[in-house]
Amino acid sequence: MNRTGISYLDFTCNAGGCGCSMGCVECWVKAKVAARVGQNIGCDDCKNFRVHFHPERLEKLIRTKKPFVVGMDFTSDIFDPLRMFDEIDQRYAAMALCPQHTFIVLTKQAKRMREYIASEHRGDNSGARVMACLIALDICCEDIWKDPGSILGEDLIITDGNGFRDWPLPNVFHGLTVRTQKEMDPDFLKIPGNKWLSLEPLWGEVFIGPGCGVVRSNYDRWVPSHYPPLHRLSGVVVGHDNRRGVPGTETLDHIRSVVEQCRAAGVKVYVKQMWINGKLRTKSEDFPEDLRHRQLPWKLTTKLSDEKCREIAGEVMLIKGNLRQSHHRRCRHEIKACDKILEILGAKDGD
Ligand code: SF4
């Protein structure tokens, strides 16, 4: 598990290392992360961005009792066509063994994700799947069955070796990356359980739920004429590409359209970032007012919400104001400390 700069996660667990067969030209992991990580941990597969598996990384999830929001395989693709379902099973077994955590899965392989979730041998209660997963997990977590209670606690999602109590797992949010309308899988919304969309990087206008009859009215607003599929979504994350000048970054209209669609359908939306006047903005207070939406369907543990930041900043500003009225020399240091805190919180106090 690694802390992450991705603002809608607490940690990532990259059991698939750095490696993917999809060959996206814009892949930031391949361009900026793989070589460095591969060098640091001495893994040639990571270095060369080959599809591979680090099963031992799953054990830390199980041993971490404090609940976190964990992105699963954010430096690869969990449903990469080169990954066998048996290997994916091991991650799902680990996720089932960690009801304390919330797992965020994200893929570009919508069809494969649907196949996996719908597969007879995975969603049923036959026990075969669970046993296969547990046997696989034993490879990396040998003592788990010697004293399961001490490691796993009481509230297991897996019940008595006979199957998953719920499938899809209730602590997993299945996500699809969609950059253009073409990538919007018409059947994604039919996936049972928690699901979300990552419209980041957004390269053009996207109607969520193609075939859902989303039409533009005379008043230039999005009017989803068929809500039911849309409201099955748990949430949407949307944002521009990090790279300057990439198509889609020249306008806020596409982001605005997504926000409007989500709000019309009552779907939570998290606006992550956007280019404004040649600068990539990531703090919501720098966004136009109508785009300041930071609602997630899951609850972060390690990050302060914008609202909490504003609340703390307000209190710090009050303290700073009081310190200013005092002429004691020591107060200068304390005022500086206040400035530092305000800077970290991304707040300005009108100086
Ligand atoms: S799917 Fe993701 S990890 Fe794989 S090549 Fe494309 S951007 Fe990189």
Gly38 passes all but one of (1) of a type outside the set (A, V, I, L, M, F, W, C); (2) surrounded by fewer than 23 Cβ atoms within 10 Å (Cβ to Cβ); (3) more than 15 Å from the ligand (Cβ to nearest atom); which number fails?
(3)
Just to verify a result, which residue in the stretch 7-27, among those that are within 22 Å of Val238 (Cα to Cα) and loosely packed, with under 14 Cβ neighbours inside 10 Å, is farthest from the ligand (Cβ to nearest atom)?
Val25
Inspect the stretch 11-24 for any residue being among the hydroxyl-bearing types (Ser, Thr, Tyr) and under 30 Å from Lys299 (Cβ atoms) and give the result as yes or no.
yes
Filtered residues of the stretch 1-30 (kept if free of Cβ contacts under 8 Å to residues at least 40 places away in the same chain, charged (D, E, K, R) and touching a strand residue (DSSP E or B) at 6+ places or on another chain (Cβ under 7 Å))
none
Quick check: anything in the stretch 82-90 more than 16 Å from the ligand (Cβ to nearest atom) and buried (at least 20 other Cβ atoms within 10 Å of the Cβ)?
yes
Test set (1) basic (Lys, Arg); (2) within 27 Å of Phe68 (Cα to Cα); (3) part of a helix (DSSP H, G or I) - Lys299 fails condition number:
(3)
Being within 16 Å of the ligand (Cβ to nearest atom), more than 19 Å from the chain's Cα centre (by Cα) and modelled with pLDDT of 90 or more, is that true of even one residue in the stretch 65-76?
no
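In the stretch 256-307, which residue that is of a type outside the set (Phe, Trp, Tyr) and touching a His at 6+ places or on another chain (Cβ under 7 Å) is nearest to Val236 (Cα to Cα)?
Of the residues in the stretch 256-307, the ones of a type outside the set (Phe, Trp, Tyr) are 256-269, 271-274, 276-286, 288-297, 299-307.
Cutting the leftovers down to touching a His at 6+ places or on another chain (Cβ under 7 Å) gives us 259, 265-267, 269, 271, 273-274.
Details: Val259: 9, Ala265: 12, Gly266: 11, Val267: 7, Val269: 5, Val271: 8, Gln273: 13, Met274: 15 Å.
Among them, the one singled out is Val269.
The values are calculated or read from the model by the stated rules, or taken from the named source; none is laboratory data. Just so you know, these numbers come straight off a predicted model, no measurement behind them. FYI the Cβ positions are ideal-geometry reconstructions off the backbone, even for glycines, and counts take in every protein chain you see.
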